[in-house]
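For reference, the structure is listed below as structure tokens.
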Amino acid sequence: MKRIAVTGGAGQIAYSLLFRIANGEMFGSDEEVALHILDLPGMEPVLEGVRMELNDCAFPLLHEVHIGSDPKKVFEGINLALLVGAKPRGPGMERKDLINDNGKIFVEQGAALNSSAADDLQVLVVGNPCNTNCLILSHNAPRFSKDRFFAMTRLDQNRAEHQIADKAGVPVRSVKNLCIWGNHSSTQVPDCENATVEGHPVKEVIKDYPWFENEFLPSVQKRGAAIIAARGKSSAASAASAAVDSIRSLYTPTPKGQFFSLGVHTAGNTYGIDTDLVFSFPCRSRGLGDFEVVNDLKWSEELRKKINLSEEELKEEREIVTGLMV
Ligand code: NAD
Ligand code: LMR
């Protein structure tokens with residue numbers, strides 16, 4: 001059985017995510033799950049309502065549901081933490097504008113994970129700015145090695161895959177290896193140089209070259225803001241779906257020659273990205289959470305410049321939060 005913590009349990013992403021986990025979509029139909037749901041003090045009545053609804057679904061794999069507002073108690077014995085609970089941005093903001101408000105959450109939750117979680121803990125940070133929050137978290141939970149901490153960039157990958165499939169007129173499943181490099185921000189770099197459509201390089205299939213720079217790139221980089229403008233709230237169901245995809249990819253052996261995007265710690269990377277950042281790379285899994293970064297992709301000079309800009313932004317974010325890192 002897997003014990004899974006979800007923070008921000010009273011919020012909009014969790015309202016989609018919890019039900020998909022309980023339905024067995026992360027770990028498959030043979031694995032029971034226990035949900036440990038955290039939100040702020042005062043949100044207990046909402047959490048109680050969420051627990052009632054989870055119970056009312058009669059999910060065969062849902063073993064038990066714990067709720068609470070004390071991270072140390074809620075994180076007791078957990079194997080996986082999905083850290084969603086944080087303020088979302090509003091119109092006109094960049095995700096890094098949240099850093100001062102949200103960064104400190106990950107100091108407290110890092111300490112709580114350090115004292116309460118199971119030895120095999122892995123963590124996916126969703127709350128923004130997720131890369132830098134994840135870095136803060138990893139520094140505040142020194143019991144766990146840095147390769148247990150991930151930031152979610154899968155939503156960006158999914159968005160980019162849809163754009164390419166739509167332009168090429170093929171189903172999304174025909175698009176493979178569309179990696180996101182860097183920060184989950186408007187400097188992120190969706191990489192069409194290493195991606196394929198039905199096994200062919202993307203640019204052999206889509207020959208409208210100006211489209212990549214003028215439409216595809218900005219639309220993927222700014223999709224979060226477009227959702228906020230349209231809905232008045234940030235993405236929720238698609239974010240939950242990307243969290244499910246991230247963990248499923250981490251626990252399922254990756255098909256030969258393929259990879260998926262995940263924000264991981266940069267220690268030992270072969271691309272020359274500064275050490276001690278959380279950076280989105282192409283990753284592969286051997287199953288059961290055992291992953292590696294794919295270290296032999298090639299970058300054109302143009303791609304390198306864009307990726308380095310995202311790296312610079314992450315270094316600036318790190319500078320702002322040095323006081324929050326042990
Ligand atoms: P929301 O406001 O609907 O819910 C957030 C919940 O977190 C609230 O219930 C709030 O009370 C709770 N919370 C705040 N601080 C907490 C803490 N210290 N401990 C536990 N719970 C806490 O927001 P949402 O739409 O669910 O978004 C949550 C976060 O996810 C935001 O930061 C948003 O920007 C981010 N997000 C990231 C991605 C991504 O791709 N990485 C995608 C979508 C949203
Ligand atoms: C997203 O990409 O939808 C989220 O990070 C929310 C946001 O602020 O854009």
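The values are calculated or read from the model by the stated rules, or taken from the named source; none is laboratory data. Quick caveat: nothing in here was measured; it's all calculated off a predicted structure. Counting neighbours? That spans all protein chains shown, and the Cβs are built from the backbone with ideal geometry, glycine included. Ligands, DNA and RNA are excluded from the accessible area calculation, which covers all protein heavy atoms including side chains. Shrake-Rupley method; radii C 1.70, N 1.55, O 1.52, S 1.80 Å.
When segment 242-264 is filtered for residues that are open to solvent by 30 Å² or more (accessible area, probe 1.4 Å) and at negative phi, the ones remaining, listed by number, are R248, Y251, T252, P253, P255, K256, Q258.
Residue count for segment 265-313 satisfying the condition of being under 16 Å from the mean Cα position of the chain (by Cα) and part of a loop (DSSP other than H, G, I, E, B): 3.
In the set (1) loosely packed, with under 13 Cβ neighbours inside 10 Å; (2) in a loop (DSSP other than H, G, I, E, B); (3) modelled with pLDDT of 95 or more, M52 fails one condition alone, (2). All of Q157, Q109 fail the test of being more than 11 Å from ligand 2 (Cβ to nearest atom), within 26 Å of R231 (Cα to Cα) and either open to solvent by 20 Å² or more (accessible area, probe 1.4 Å) or not in a loop (DSSP other than H, G, I, E, B) (or both), apart from Q157.
For segment 117-132, check the following and say yes or no: at least one residue is away from ligand 2 (no atom under 12 Å from the Cβ), part of a helix (DSSP H, G or I) and within 14 Å of the chain's Cα centre (by Cα). Within segment 117-132, one or more residues are away from ligand 2 (no atom under 12 Å from the Cβ), part of a helix (DSSP H, G or I) and within 14 Å of the chain's Cα centre (by Cα). Among the residues of segment 199-207, are any touching a strand residue (DSSP E or B) at 6+ places or on another chain (Cβ under 6 Å) and either of a type in the set (A, V, I, L, M) or touching a residue at least 24 places away in the same chain (Cβ under 8 Å) (or both)? The answer is yes, given that some residue of segment 199-207 is touching a strand residue (DSSP E or B) at 6+ places or on another chain (Cβ under 6 Å) and either of a type in the set (A, V, I, L, M) or touching a residue at least 24 places away in the same chain (Cβ under 8 Å) (or both). On the stretch given as segment 160-218, residues that are assigned to a helix (DSSP H, G or I) and open to solvent by 70 Å² or more (accessible area, probe 1.4 Å) total 11. If the condition is being within 18 Å of N183 (Cβ to Cβ), among the charged types (D, E, K, R) and away from ligand 1 (no atom under 11 Å from the Cβ), then segment 218-267 contributes only K222. Scan segment 121-141 and give yes if some residue there is at pLDDT 95 or above and open to solvent by 40 Å² or more (accessible area, probe 1.4 Å), otherwise no. The answer is no, given that none of the residues of segment 121-141 is at pLDDT 95 or above and open to solvent by 40 Å² or more (accessible area, probe 1.4 Å). Selection within segment 73-100: residues that are within 12 Å of ligand 1 (Cβ to nearest atom), free of Cβ contacts under 8 Å to residues at least 60 places away in the same chain and open to solvent by 70 Å² or more (accessible area, probe 1.4 Å). The member of this set that is nearest to the chain's Cα centre (by Cα) is K87.
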